[in-house]
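Working notes for the structure below.
The values are calculated or read from the model by the stated rules, or taken from the named source; none is laboratory data. Since we're looking at a predicted model, the values are computed, not measured. Here the Cβ positions follow ideal geometry from the backbone for every residue, glycine too, while neighbour counts run over all protein chains shown.
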Amino acid sequence: MYVDGNAVEGAEFLPMAYMLDSIDRILDGHEWRTTFSAENRASGMPEETLYGHAHQWVPIAHSIDAGILFVEHRPGPTYGHVIELSIGSGAFEGTLWAETLLEFFDTLTHSLDTRTPFHDQTPSLRESNLTAKSYLHWDFDCDE
């Protein structure tokens, strides 16, 4: 995987090329999402819609194609849901990854332990050509 143009081995902790966010990235993103959300509501978008309350998302990871993985913090039935927005692939509707962070990490751990798919990707270990160290990789499961 490449981050800011540099090869980073082992950066694929999460599937679909998602990388965990730093605290600084979370805080910077919150400021942007607060403005974005206010602009959406000012243009008539209801706060109940996903983009109408972007200020209540707590991002936990991002992908190389502008995707966002976040925890929903809007009070109500979706509070605590882990949601993915695959913005770079044109998917602007949220995809539910789990109903809680606990469920998300339990499901992810099960996938890693059993080498079974997590959202159409299966974890595997690869050996680096540069360092001979093993690192985690997620393979896309294609229907044949």
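Examine region 119-141 for a residue that is modelled with pLDDT of 95 or more, loosely packed, with under 12 Cβ neighbours inside 10 Å, hydrophobic (A, V, I, L, M, F, W, C) and out of contact with any Asp or Glu (no Cβ under 7 Å at 6 or more places or on another chain), and state whether such a residue exists.
Step one: filter region 119-141 for residues modelled with pLDDT of 95 or more, giving none.
Within region 119-141, not a single residue is modelled with pLDDT of 95 or more, loosely packed, with under 12 Cβ neighbours inside 10 Å, hydrophobic (A, V, I, L, M, F, W, C) and out of contact with any Asp or Glu (no Cβ under 7 Å at 6 or more places or on another chain).
Take Asn40 and tell me if it is within 30 Å of Thr109 (Cβ to Cβ) and at pLDDT below 85.
Values: within 30 Å of Thr109 (Cβ to Cβ): no; at pLDDT below 85: yes.
So Asn40 does not fit the description; no.
For beta carbons closer than 7 Å, sequence separation of 6+ or different chains, a first residue in region 128-144 that is aliphatic (A, V, I, L, M) and a second that is modelled with pLDDT of 80 or more, the qualifying pairs are Leu136/Pro123; Leu136/Leu125. Output the residue which, of all residues in region 38-74 that are touching a Leu at 6+ places or on another chain (Cβ under 9 Å) and aromatic (Phe, Trp, Tyr), is nearest to Leu96 (Cα to Cα). It comes out as Phe70.
Consider region 81-115 and keep the residues that are of a type in the set (Val, Ile, Thr) and surrounded by 12 or more Cβ atoms within 10 Å (Cβ to Cβ). The one that is farthest from Ile68 (Cα to Cα) is Thr107. Among the candidates Gly67, Gly52, single out the residue that is touching a residue at least 40 places away in the same chain (Cβ under 8 Å) and crowded, with 17+ Cβ neighbours inside 10 Å. Exactly one residue qualifies, and that residue is Gly67.
Look at Val58 and say whether it is buried (at least 18 other Cβ atoms within 10 Å of the Cβ) and at pLDDT 90 or above.
Working: buried (at least 18 other Cβ atoms within 10 Å of the Cβ): no; at pLDDT 90 or above: yes.
Spelling it out, it is not the case that Val58 is buried (at least 18 other Cβ atoms within 10 Å of the Cβ) and at pLDDT 90 or above.
Of all residues in region 61-94 being among the acidic types (Asp, Glu) and farther than 18 Å from Leu27 by Cα, which is modelled with the highest pLDDT? My answer is Glu84.
Take Asp28 and tell me if it is closer than 17 Å to Tyr18 by Cβ and surrounded by fewer than 18 Cβ atoms within 10 Å (Cβ to Cβ). Criteria not met by Asp28. Apart from one condition, Pro15 fits all of (1) surrounded by fewer than 16 Cβ atoms within 10 Å (Cβ to Cβ); (2) under 30 Å from Ser128 (Cα atoms); (3) at pLDDT 85 or above; the exception is (1). Taking region 50-118 and the strands (runs of 3 or more DSSP E) fully enclosed by it, no element has 3 or more residues that are more than 15 Å from the chain's Cα centre (by Cα), within 18 Å of Trp138 (Cβ to Cβ) and among the hydroxyl-bearing types (Ser, Thr, Tyr). Residues in region 119-130 that are part of a loop (DSSP other than H, G, I, E, B) and on the phi < 0 side of the Ramachandran plot: Ser128, Asn129, Leu130.
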